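Presented below is the structure to which this report refers.
Values quoted throughout were computed directly from the atomic coordinates according to the rules given, and no laboratory measurement underlies them. What you see is a predicted model, and the numbers here were worked out from it, not measured in a lab. Counting neighbours? That spans all protein chains shown, and the Cβs are built from the backbone with ideal geometry, glycine included.
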Amino acid sequence: MASSSFFFFLPFALFATVIAASSSNPNGYMHLRFYNHERILGSGPNATVVYSVQRTTSSSVSGFGNVYVYDNLLRAGVETDSPIIGRNQGMGVGSSMAENSGLTNFQLVFTAGEYNGSSLALQGLFPVAPLGTLFERAITGGTGKFRLARGYLLTTEVHSTNTTLTGQLDAYVTFR
């Protein structure tokens, strides 16, 4: 019999083969993976990202002084028909004079599965970067099963079209 693995997976209660699984590791972090499905700014009436203040006429959402809000779907997988497990709700501000990043503050609100009714609070820079770029933001708290959470979120944009952007979110959560 093989020795126990450092990583083990706990599937969400509602999904048998869900990609959005959690695991823990010897460093005390719980790992969660899910996918942010965004209908990008300017994609019409179904956009999940909109300007609340458009201070500059820059083509970049992170134009200096621009303020935007969003309410994106969190799904178990990269596919657009994968189960919805929550929402990514927040705001961002174009905070770079070079228009290459913005500051974001947001909540990952879980509406299904093992973490239904819980949320993670996050903040950090969002770079304007090519598809596949890895970036990190801080987990600053949480509610429900994530009360007193700390950690970090790694994001990689994995798919895009003219109207959509899908990001893989890997959350590493600790409760110390």
Problem - Total formal charge among the other residues, if their Cβ is under 12 angstrom from that of Gln107, Lys/Arg +1 and Asp/Glu -1 - result: 0
Completion exercise
Here the net charge surrounding Leu73, from other residues whose Cβ is less than 11 Å away from its Cβ (Lys, Arg +1; Asp, Glu -1), is +1
Exercise for the section: For region 134-145, just list the computed ³J(HN,Hα) in residue order, Karplus coefficients 6.51, -1.76 and 1.60, θ = phi - 60°, integers in Hz, with x standing in for Gly and Pro. Expected result: 8, 9, 10, 9, 8, 8, 10, x, x, 10, x, 5
Fill in the blank from the handout: Here, trypsin sites (Lys or Arg not before Pro) of region 31-71 satisfying both criteria (DSSP loop; at most 16 other Cβ within 10 Å) are Arg55
Handout entry: Estimated FRET transfer efficiency (Val128, Thr80; beta-carbon r; R0 30 Å; 0.05)
Key = 0.80
Problem - Within-15-Å neighbourhood charge of Asn162 [Cβ basis; K, R +1; D, E -1] - result: -1
